Amino acid sequence: MSATSVLARKWRPRNFAQLAGQEHVVQALTNALTQNRLHHAYLFTGTRGVGKTTIARIFAKSLNCETGVTATPCGVCGACTEIDSGRFVDLIELDAASNTQVDNMRELLESALYAPTSGRFKVYIIDEVHMLSKSAFNAMLKTLEEPPSHVKFILATTDPQKIPVTVLSRCLQFNLKQLPPALILTHLQYVLGQENIPFEIGALNLVARAAQGSMRDALSLLDQAIAYSSGKVDEALVRTMLGAIDQGYLFDLLQMLRVEDGAGLLRIADDMAMRSLAFEAALQDLATLLHRIALAQTIPNAIAEDEPERARLFELAQQFTPEEIQLNYQIAIHGRNEIDLAPDEYAGFTMTLLRMLAFAPQGAKASAGQGAPKPAPVTVPRAAPAAAEYVAAEPVPAMQSASVRTVESGTDLDWNTLLSQLNLQGMARELAKNSVLASFGDSRVVLNLAPQHKHLQSNKIAQEKLQAALSDYFVKPIKLTVELGAEKNAATPAAVEQQEKQTRQQQAEEAIRQDSFVREAQVHLGAQVIENSIRPI
């Protein structure tokens, strides 16, 4: 057993009660087991380390526990202990990444025809199922269509988009969400308390953020931190281990941006270059900081009381308008995505900062209550036609749609802006895009769905995914209610998107008609414009 896997294995959840952060999946599986409403195939999706195979193994114990089918397996019977140790003959685990061919799948499916050797069900866990070949999927499909009653399939994947829809339609699908840093931090504190290992809370904050939503990665990093810190999880040593630095420079960047001190921004960038900091990572961290400031502005309770940087977050939340934070977040995200296209990382990073200066909303400083003298700034053109083109190419929803005043914080919450920051796909995204925000308060979101999309109201899975995404975003449980009631021509995100698309198309067509080269080709060469071939760039 490697040193980096000790805690990850030792503290791997062995029952549903020990799972952290996936309550929506646990509740659904618990209900199915309690009511004996079992499906023959389940699909767990989500990024690495969020608990897909862990839940699959707990579910296998629930199905085969000698006490009977139960949501609370005993953990001590022969079936439970053998599943925990990986020796249960009727639990077959397959890594599709290394068994992609149809022959492997046919051999597995042939064995499914035989009754269990010692358990109640034969359980097949197929990890990274999206890696299977097309012919292997076809072979699996035949068994999924007419499964033996004693067989349960549990599929796991990090990339559900690559799974054929014919397979998806025959599975109950559960999307496991990335775990928020606060939840990971709490679990790490508990683990170290049980292990009697001293720690500094700042060190655990660094590990929780570096894990990027994966509890498994967090525990592996924690093992490294314990070894690196000689038994004590020390913040300074963990910062060195992770290659991280004090993120105070990010707050300094925003202060320079607030007073429009371009020279100050460049001084900080130069200092970062002297210390060989990764500029791409800096843009990621800057986007994270802007997100936390947006939370402080919109949902103050989302910032924990013991958050080390709480005071600075709320200070910046008062100094910037919500529009500025939203726009700078968009610019930071796009700057990070485009940094590989820049002449070098320094140029890409500083250009992103200059964009933030150039495209700051006019009059924002006055509305934020700024009256302090400003240092002499580097002269940077304000939002001229070029800025208008940039904003048109990457629209900021906060500037284009109505907002709703919330009960909890008294601030304006814009549904289009919020939707752009939620990780939604499929029908859940369609539900959100075709609704308007009716109210938000007391941890309850009410959406009014456009009547022409009333079929989405009955899609419980889509509502559950949207509710889970909202709870994840606000870092607390959110109750979602979807009602019919939006006007037919309401400014839903979908309607705004369609309007923008039509506007861009009209502008593209007009640009072609006015183009001098096109006109000359029409006059001198008899050329004709194929109207339906015009596409906006």
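The values are calculated or read from the model by the stated rules, or taken from the named source; none is laboratory data. No experiment lies behind these values; they were computed from the predicted model shown. A quick note on method: Cβ atoms are made from the backbone with ideal geometry, for glycine too, and the neighbour counts reach across all protein chains shown.
Residues that are acidic (D, E) and in a helix (DSSP H, G or I) were ranked within region 485-534; the one that is modelled with the lowest pLDDT is E531.
Please work out if R87 is over 30 Å from S133 (Cα atoms) and not aromatic (F, W, Y). Considered against the rule, which asks whether it is over 30 Å from S133 (Cα atoms) and not aromatic (F, W, Y), R87 comes out as no.
For region 42-58, check the following and say yes or no: at least one residue is over 24 Å from D217 (Cβ atoms), among the hydrophobic types (A, V, I, L, M, F, W, C) and surrounded by 15 or more Cβ atoms within 10 Å (Cβ to Cβ). No - not one qualifying residue is present in region 42-58.
Look through region 278-306, keep the residues that are in a helix (DSSP H, G or I) and acidic (D, E), and return whichever of them is surrounded by the most Cβ atoms within 10 Å (Cβ to Cβ). Among those that are in a helix (DSSP H, G or I) and acidic (D, E), it is D285. For A97, the requirement of being of a type in the set (G, A, S), loosely packed, with under 14 Cβ neighbours inside 10 Å and under 28 Å from T67 (Cα atoms) is not met. The number of residues in region 129-187 being polar (S, T, N, Q), without any contact (Cβ under 8 Å) to a residue 40 or more places away in the chain and buried (at least 20 other Cβ atoms within 10 Å of the Cβ) comes to 1. Residues of region 79-93 that are among the small types (G, A, S) and either surrounded by 14 or more Cβ atoms within 10 Å (Cβ to Cβ) or within 13 Å of V123 (Cα to Cα) (or both): A79, G86.
Put simply, of E338, E324, E315 the only residue that is part of a helix (DSSP H, G or I), closer than 17 Å to T417 by Cβ and modelled with pLDDT of 75 or more is E324. Quick one: is V69 over 22 Å from the mean Cα position of the chain (by Cα) and assigned to a loop (DSSP other than H, G, I, E, B)? Answer is yes for this residue.
Are any of the residues in region 230-246 over 24 Å from A8 (Cβ atoms), at pLDDT 90 or above and under 25 Å from the mean Cα position of the chain (by Cα)?
Start the filter on region 230-246 by keeping residues that are over 24 Å from A8 (Cβ atoms), which leaves 236, 245-246.
From what's left, at pLDDT 90 or above: none.
No, region 230-246 contains no residue that is over 24 Å from A8 (Cβ atoms), at pLDDT 90 or above and under 25 Å from the mean Cα position of the chain (by Cα).
Does T157 fit the bill of being of a type in the set (V, I, T), in contact with a strand residue (DSSP E or B) (Cβ under 7 Å, 6 or more places away or on another chain) and at negative phi? Considered against the rule, which asks whether it is of a type in the set (V, I, T), in contact with a strand residue (DSSP E or B) (Cβ under 7 Å, 6 or more places away or on another chain) and at negative phi, T157 comes out as yes.
Scanning region 252-277 for residues that are exposed (fewer than 15 other Cβ atoms within 10 Å of the Cβ) and under 21 Å from P181 (Cβ atoms) turns up nothing.
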